[in-house]
Amino acid sequence: MPGYPKVNYIGNKEKLASWIIGEFPVKSGTVLDLFGGGCSVAYALKESGYSVVVNDILYADYVLGKALIENQDATLPEAVFSYRPDPARVKELTERFSFLSERLYYPEETEELARLAALADALPEGERYLFLALLRRAMIRKLPYSRMNVPWDQIRILRDEEYSYRKYGRRRAYHNQSFESHMRENLEAYNAAVFAGRPCRACRMDAFSMAEAAGPVDAVYLDPPYPSTMNQYDDFYGLFDEMFGLRRGHADFTKRETFLANLEELVRLLRQKAGYLVLSQNTRVKPGPDQIAAMLEAYGSVSIREKKHNYQVTGKENKNGSRELLFLVRFR
């Protein structure tokens, strides 16, 4: 089985997933992954034989959960790119997506986005989410720094291949490829990533709402935004949600001032649903690891595992030199 494909997700746990799963306090059963993000941990859990409920409030992340975790057998034929979408739907989406013109992409590129999104509308559910996952990846791949909050003036400069070559020694031609060409390049890898495991489900809810609605599980995995680090996921990916009119408000776990209180409220809810909690953070977060551990100890026995890890966003640029932490909590 080829495994997890490229999704271009900042803060992705792909390189840590096997370590995380190896430290899990339960070796089978059902796991709630409350902040699914790029779904690499949920994918590794599914590969390891767990039943997974993966949740994330961002639609950009939800489509990954639907395509790669919940999906058991649907794949996407290459012929999909030759389908003819409804012209009226293409026109409607071109108007809707116009806010992206000269904000993230050139006008002719937003027209291509509209055509591709209209194609997705006509597909069965499994194929549709796989198509949208590929579209999401193509959109991110075309953007400098793989995020949607780079100013347009900077995007234009960095998409100039000669400028990029003079300044960085790389032309980065992939920024100027069509969305469809990126999708075609990754189609085989995404299809190959689909496999049948234990029943899994993808949800799109605020963390508190999901914690309240969830049924009993064997363990909960939490990978919230790391406070005081590069954690603005709404800004990085939220315009994908906005394209489809699906941007939602939600609890904020990015601010150091409110992170610990929000996390504690989540722990209070989750201790009624599971015997164990596994929390990812790192040694540079603020509030610091000692404060997080002290809070968790009020709810159960806590042990901590750590591993050296650098998050790389582009090229050889390391965003930190910290150590990754896993807080393992056995609820009382």
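Just so it is clear, none of the values below were taken in a lab; they were calculated from the coordinates. Quantities reported herein were computed from a predicted structural model and do not represent experimental measurements. As a convention, Cβ positions derive from the backbone with ideal geometry for all residues, glycine included, and neighbour counts pool all protein chains shown.
Would you compute, from DSSP H runs of 4+ residues alone, the mean residue ellipticity of the chain at 222 nm, taking -39500 (n - 2.57) per run and dividing by the full residue count, rounded to the nearest 500?
-12000 deg cm²/dmol
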For the chain, the longest principal axis of the Cα atoms and the Cα long axis of helix 256-270 enclose an angle in degrees, to the nearest 10, of 70 degrees
Say the dipole of the chain comes from +1 at the beta carbon of Lys and Arg and -1 at that of Asp and Glu; which of LEU100, HIS182, SER280 then lies farthest toward its positive end?
-> SER280
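Past 18 Å, Cα to Cα, is the threshold; run LYS15/LYS308; LYS27/LYS308; LYS6/LYS27; LYS46/LYS66; LYS6/LYS66 against it and keep the listed order.
LYS27/LYS308; LYS6/LYS27
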Take the alpha carbon gyration tensor of segment 42-160, find the square roots of its eigenvalues, order them as a ≥ b ≥ c, and report rounded if a/c is under 1.5; if not, report prolate when a/b exceeds b/c, else oblate.
-> oblate
How would you order 258-268, 57-67 from highest to lowest mean count of nearby Cβ atoms within 10 Å?
-> 57-67, 258-268
Integer Hz, Karplus 6.51/-1.76/1.60 couplings in order for segment 216-230, x for Gly and Pro | x, 9, 7, 7, 10, 10, 10, 10, x, x, 7, x, 6, 10, 6
Could you grab the relative contact order for segment 138-261? Cα pairs under 8 Å, six or more apart, rounded to a whole percent.
-> 25 percent
Cα long-axis angle, helix 125-141 against the chain (0 to 90 degrees, to the nearest 10) | 80 degrees
Give me the angle, in degrees from 0 to 90, between the Cα long axis of helix 107-121 and the longest principal axis of the Cα atoms of the chain, rounded to the nearest 10.
-> 60 degrees
The relative contact order of segment 42-114, taking Cα pairs under 8 Å that sit 6 or more residues apart, comes to a percentage of 20 percent
Estimated Rh, the chain: Kirkwood, alpha-carbon pairs, angstrom = 20.7 Å
Peptides ranked, highest mean first, by Cβ atoms within 10 Å: ranges 71-80, 26-35, 140-149 | 26-35, 140-149, 71-80
Going by C-beta contacts inside 10 Å, put THR110, THR229 in order with the fewest on the left.
-> THR229, THR110
Dipole magnitude of the chain about its Cα centre, charges +1 at Lys/Arg Cβ and -1 at Asp/Glu Cβ only, in debye to the nearest 20?
-> 920 debye
